[in-house]
Amino acid sequence: MAKPTIYKNDSDKIGFAVLYLTGAAATHYNNLLKQEEAGIPIPALRTWIDFVAEFMSYFGLFNPARDAQNYPQWVQQFQELDNSIRATNAAHSHGGNSGFGTYNPMAPLNPQNSNP
């Protein structure tokens, strides 16, 4: 959390926190800015407590201990997906439908007999 002794007002705290937003959180922040520019008052852009509440409601609270517990499950799911993709590519590369050793679902089954 932003240190109150360094950041004397909410605007400074929000400005500092925004520097670290990436991906969906950065997009969400930009959407809030657009709404504010359109004349819609956005409390999350004015007070630190509202800013924190806004982003916690959409993205949750960062919890390294909890996230570290889920990490092995994410790795396993990624490895299973990767193995499935590799197996599919290997199975289709033996048939040679793409000519490049990888599966291409848009390639004709037999390129030599296809009509251009």
Fill in: When residues of region 29-44 are limited to those that are aliphatic (A, V, I, L, M) and touching a helix residue (DSSP H, G or I) at 6+ places or on another chain (Cβ under 8 Å), the one surrounded by the fewest Cβ atoms within 10 Å (Cβ to Cβ)
LEU33
Fill in: Pick from region 1-20, criterion over 18 Å from the mean Cα position of the chain (by Cα) and among the aromatic types (Phe, Trp, Tyr), ranking: modelled with the lowest pLDDT
TYR7
Worksheet entry | helices (runs of 4 or more DSSP H) within region 21-116 that include 1 or more residues at pLDDT below 70 | 64-95
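The values are calculated or read from the model by the stated rules, or taken from the named source; none is laboratory data. The model shown is predicted, which means the values in this text are computed figures rather than measured ones. Positions of Cβ are backbone-derived with ideal geometry, glycine not excepted, and every protein chain shown enters the neighbour counts.
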